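The structure appears below as structure tokens.
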Amino acid sequence: MNLNDDIKTIKGIGDKTAALFARLNIHTVEDLLKTYPRNYLSYGDTVNIADVEEGQRVAVLGLINTYANVKHIKSLTIVTVGIKDPSGTMKLTWFNQPYLRNTLRNGDSYVFVGTVKIKNGSKVMEHPEIYKLDKYRDMQQEYMPVYPLTKGLTNNTFVKSMKAVRSLIQSMQEYLPDEVREAQELMEISDAYENVHFPGNEALLKNAIRRIAFDEFFSFLYKLKKTKDKTFTFDNTHRIVKGRACADFIESLPFSLTKGQQQAIEDILADMGSDHVMNRLVQGDVGSGKTVVAEAAMFACVKEGYQAALMVPTEVLAKQHYEDLKASYEQFGIRVEMLVGSTPAKEKRHIYEKLKTGGIDVIVGTHALIQDTVEFLDLGLVITDEQHRFGVNQRERLSLKGDYPHVLVMSATPIPRTLAIILYADMDISIIKELPKGRKPIKNCAVGTSYRETAMKFIASQVAEGSQAYVICPMVNESDSLDVSNVVDYTETMKSYLGNTARVEMLHGQMKADEKAEIMERFKNREIDVLVSTTVIEVGVNNPNATVMLVENAERFGLAQLHQLRGRVGRGKKQSYCIFINGKATPESMERLKVLEDSNDGFFIANEDLRLRGPGDFFGIRQSGEALFILADIYNHADMLKCAQAVLNEYGDRITPSMLPEKERKTDTVL
């Protein structure tokens, strides 16, 4: 077996399990090794029942003091026992594990590990792990990796598969010169992979994560430098002169531009009228109105006789932009089309032909725009929206569809200024901070789980007044290993709670594109009152009638992502609200969420996130959903980002693409 072998060469992985791994984009042995744990469970000392607080994951050494009680509710089997120690008592519950009634005998002692809840005034631990005391003591020095999973794939299967390929880790080739590693105190690449999957101790795990974060940053910065060198030093072949046409478009808008929007448009027009190709980032806080800036830029481009392309990360967002652009440009005779993966084949061929012959002025699409079959007559401007979702190579491929078109990227991801200087060293930056007139600041609250029913009542009252609401859960389905809210169960809970007073639907990334589009269309048309969703709605979704966002297990998300999610409300003239429910209820998690309670400023939040979490916080749960990198995080690992930049500056010319880790060369690292 070697790194390039199909994952089915691993003992125990057949067609069915391989199909589950494929959902996670794991096809080869190397793909498996480069899928890192998203968290680690450590097994500390046992604690007294009396000292346990709600929301804590703890180990309790308890004596079973009841007989196992088994209940059957429809297809659900519930096994319950009571335990005690010298300090108090606790109730334990397992679901669909009927065999436990023969294992859990009155009078036996075990170590039970799980998260504690308070129900009817009593402490309850649901689905705890069960260990004999001797076995638990052996485990106390270990870190148990928790991998990203999909329905049908267990963490146990993942760990077992990883152990089966452990011997191959030592065949991973080092690409950094010894002097670089020694100077930066970086462990060898094989040691890093060994300890990220099989941590020897806390110090080794920290150093492993530190090394892999460095590699991801270095690979990204290396490719970014090469892209700069060959792409953005060209003369302007699409000179777009600032004129009356763009002013006509701005005057046609039903609102006045903010100063930030006006300045961004001025910057863009100055770039496109200069001697060189534009390469500009427009960074604006959530809801600051970046879209109208892009519309003005594309309008100016089309009026000079060129074509413009807008690439977005999701079909839902593409359709939204397409409809908005058609409405904005209709009176000016600008021809707009949409191209996405689900576009019917016949319609795609028609669009290809019109793009090639100049029958389309503005094309809006997803990754479908960078397919080889797409050709333009004269592409003058390419725009990527929510640009952190696209890789360096993807953005470059879109640019190469034309003869050195102008490049504009837009981002609502707040990044501390010091990091932005490194990440966007090749770009001119325009920043929009103000919100459009008429927007009321969102009212926020960070609360514990005891507030959940009050939050539901508040959602019911807002729906009764004609508004709509989002509920965000971190997972799609229930997880055996994680006690967090999931979309499927929460949707049923909301339907049961609200009854006939509200229409509740769910949305998540595992749905087909047309299903997601249909749900979002119904939500936009006010045919759905409450939308229970994963973070799939994070990017760009616009419904001015939505006034409430409830985020469950908010402690599991990074502050920057929570700020993005919050931006889905507060887009109309009504007062909007965001409720962050902290499932952990620890002082540290509540302190982080209080930042969001006290501020709506994304740039302030980004800096606070960096201050609170710090570059040394490697053990917190990473942001859910899409991340800038696979393991590395620009907030947690800011020191490694700066280290990678320093190494690139000093040693970059001595490292060639063939020396970089294989997957990093082939994979389009995202930013």
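Regarding E518, is this residue over 25 Å from E453 (Cα atoms) and either out of contact with any Lys or Arg (no Cβ under 6 Å at 6 or more places or on another chain) or surrounded by 18 or more Cβ atoms within 10 Å (Cβ to Cβ) (or both)? So E518 fits the description; yes. Does M590 count as outside any loop (DSSP other than H, G, I, E, B) and surrounded by fewer than 22 Cβ atoms within 10 Å (Cβ to Cβ)? Against the criterion (outside any loop (DSSP other than H, G, I, E, B) and surrounded by fewer than 22 Cβ atoms within 10 Å (Cβ to Cβ)), M590 qualifies. Within the range 19-51, the set of residues being surrounded by fewer than 16 Cβ atoms within 10 Å (Cβ to Cβ), free of Cβ contacts under 8 Å to residues at least 40 places away in the same chain and within 28 Å of the chain's Cα centre (by Cα) comprises A19, A22, N25, H27.
One line per residue, one yes/no per condition, for (1) modelled with pLDDT under 90; (2) of a type outside the set (D, E); (3) closer than 25 Å to E434 by Cα:
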residue: I240; (1), (2), (3): yes, yes, no
residue: K259; (1), (2), (3): no, yes, yes
residue: G284; (1), (2), (3): yes, yes, yes
residue: C301; (1), (2), (3): no, yes, no
residue: Q331; (1), (2), (3): no, yes, no
residue: V336; (1), (2), (3): no, yes, no
residue: K348; (1), (2), (3): no, yes, no
residue: Y352; (1), (2), (3): no, yes, no
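Filtered by the rule that a residue be touching a residue at least 12 places away in the same chain (Cβ under 8 Å) and assigned to a helix (DSSP H, G or I), the range 573-587 gives no residues.
Among the residues of the range 333-353, is there at least one that is of a type in the set (D, E), in contact with a strand residue (DSSP E or B) (Cβ under 6 Å, 6 or more places away or on another chain) and more than 20 Å from E515 (Cα to Cα)? Yes, that holds for at least one residue.
Here is the figure for the range 314-354: residues that are in contact with a Lys or Arg (Cβ under 9 Å, 6 or more places away or on another chain) and under 24 Å from D403 (Cα atoms) total 8.
Does D324 fit the bill of being surrounded by fewer than 21 Cβ atoms within 10 Å (Cβ to Cβ), touching a residue at least 24 places away in the same chain (Cβ under 8 Å) and either in contact with a Gly (Cβ under 8 Å, 6 or more places away or on another chain) or not aliphatic (A, V, I, L, M) (or both)? Here the answer is yes, as D324 does meet what is asked.
Within the range 441-467, residues that are at positive phi sit with their Cβ atoms under 8 Å from residues that are part of a loop (DSSP other than H, G, I, E, B), at 6+ positions apart or across chains, in these pairs: G466/N545. Looking only at residues of the range 108-148 that are among the basic types (K, R) and loosely packed, with under 15 Cβ neighbours inside 10 Å, we find that the one that is nearest to D51 (Cα to Cα) is K119.
If you check A297, A318, A308 for being buried (at least 22 other Cβ atoms within 10 Å of the Cβ) and part of a strand (DSSP E or B), only one passes: A308. Only one of the listed residues (E453, E434, E478) is touching a Lys or Arg at 6+ places or on another chain (Cβ under 7 Å), at pLDDT 75 or above and surrounded by fewer than 19 Cβ atoms within 10 Å (Cβ to Cβ). That residue is E434. Of all residues in the range 128-171, those being assigned to a helix (DSSP H, G or I) and in contact with a Lys or Arg (Cβ under 8 Å, 6 or more places away or on another chain) number 1. Scanning the range 354-388 for residues that are under 28 Å from G284 (Cβ atoms), among the charged types (D, E, K, R) and modelled with pLDDT of 95 or more turns up just one, D361.
The values are calculated or read from the model by the stated rules, or taken from the named source; none is laboratory data. Model, not experiment: these values are computed from the prediction. Cβ atoms come from the backbone with ideal geometry, glycine included; neighbour counts cover every protein chain shown.
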